[in-house]
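Below is one structure, written out as structure tokens; the observations come after it.
The values are calculated or read from the model by the stated rules, or taken from the named source; none is laboratory data. Remember, predicted model here, so these are calculated numbers, not experimental data. Please note: Cβ atoms are built from the backbone with ideal geometry, for glycine as well, and neighbour counts cover all protein chains shown.
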Amino acid sequence: MIRVPDTKLARLPFGLALLGVWLAVVIFWSPSSVHAQALEPRAYSNVPVGVNFALAGYIYGQGGLSVDPSVPLEDARIDTHTGLVAGARSVGFWGNSGMLSLLVPYTELSGTAVVAGAHRSRYTQGFGDPLMKVSVNLVGAPALALKEFAAYRQDLILGVSLLVSAPLGEYDASKAVNIGANRWSFKPEVGISKALGKWTVEGAGAVTLFTDNHDFYGGQTREQEPIYSAQGHVIYSFLPGLWAALNAT
């Protein structure tokens, strides 16, 4: 669902653009992979200030997967049902457009695995670690009101963002598999977007930094090196609000 203050706004391309960003996050979201695998075409598109967005989604996962890839599991058979709600608001930062957004997951997890040679079963449910993101377009995307935005045409946009995961999800240090990670993570990113007629070419580079988990699986300390990532997008706009993208990360 997208809530806009004027029905004319639905004809502008930014509405479906941001919805596509959130759908990309939902489709590629998992507690262990969100930082490295969230594909976000048009993440640095310009949006009029004061617009609110809301989205709900559902993910089902099955197979030999783990919500914590650092735990050595064998013969894992894990099922996850995850519902997500997300919201965003376009804002202005010192004359430039930006976005504040929040994603909150709720997961039901069940399964069996061999952990350190012993067969284990696990069932739990609860909130996952929420994701909070702030993004600012530094060049080429001024903060505009609705009437001003109607005349806006993109050229080159340079933006930055910060994605933060907070350790607020369900966590039990005595268990090998958990919904939450019990640590903070911070993902600063720099992105660029260039419009070429109906085509748009984008690229972004990021690094994800992790704090230590000092209560990891029986009182151990878990440390993790930074994860470096890059993504690129080639986008073609058929009509205002209708586009397709080829993405790589």
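Side notes on the structure shown:
- Condition broken by Glu189, with the remaining ones in (1) modelled with pLDDT of 95 or more; (2) assigned to a loop (DSSP other than H, G, I, E, B) satisfied: (2)
- For beta carbons closer than 6 Å, sequence separation of 6+ or different chains, a first residue in segment 160-174 that is outside any strand (DSSP E or B) and a second that is basic (Lys, Arg), the qualifying pairs are Pro167/Arg183.
- Met99 satisfies every condition listed in (1) buried (at least 16 other Cβ atoms within 10 Å of the Cβ); (2) at pLDDT below 90; (3) not acidic (Asp, Glu) except (2).
- Within segment 135-159, restricting attention to residues that are assigned to a strand (DSSP E or B) and of a type in the set (A, V, I, L, M, F, W, C), the residue that is farthest from Ser90 (Cα to Cα) is Leu156.
- Consider segment 192-214 and keep the residues that are in a strand (DSSP E or B) and of a type in the set (Ser, Thr, Tyr). The one that is farthest from Leu246 (Cα to Cα) is Thr208.
- Filter result for Ala143 (within 18 Å of Val51 (Cα to Cα) and at pLDDT 95 or above): yes
- The C-beta contact set for segment 117-135 (first residue without any contact (Cβ under 8 Å) to a residue 60 or more places away in the chain and within 16 Å of Leu73 (Cα to Cα), second residue outside any strand (DSSP E or B) and among the hydrophobic types (A, V, I, L, M, F, W, C), distance under 8 angstrom, 6+ apart or interchain) comprises Arg120/Ala176; Arg122/Ala176; Arg122/Val177.
- Failed item in (1) of a type outside the set (Asp, Glu); (2) at pLDDT 85 or above; (3) within 17 Å of Leu144 (Cα to Cα); (4) surrounded by 19 or more Cβ atoms within 10 Å (Cβ to Cβ), with Thr82 passing the rest: (3)
- Look at segment 214-232: where a residue is within 17 Å of Ser185 (Cα to Cα) and a partner is β-branched (Val, Ile, Thr) and assigned to a strand (DSSP E or B), sitting 6+ places away or on another chain with Cβ atoms under 6 Å, you get His214/Thr221; Pro226/Val207; Ile227/Thr208; Tyr228/Val207.
- Residues located in segment 197-242, provided they are of a type in the set (D, E, K, R) and within 20 Å of Asn137 (Cα to Cα): Glu202
- Among the conditions (1) in a loop (DSSP other than H, G, I, E, B); (2) in contact with a Gly (Cβ under 6 Å, 6 or more places away or on another chain); (3) at pLDDT below 85, Ala76 misses just one, which is (1).
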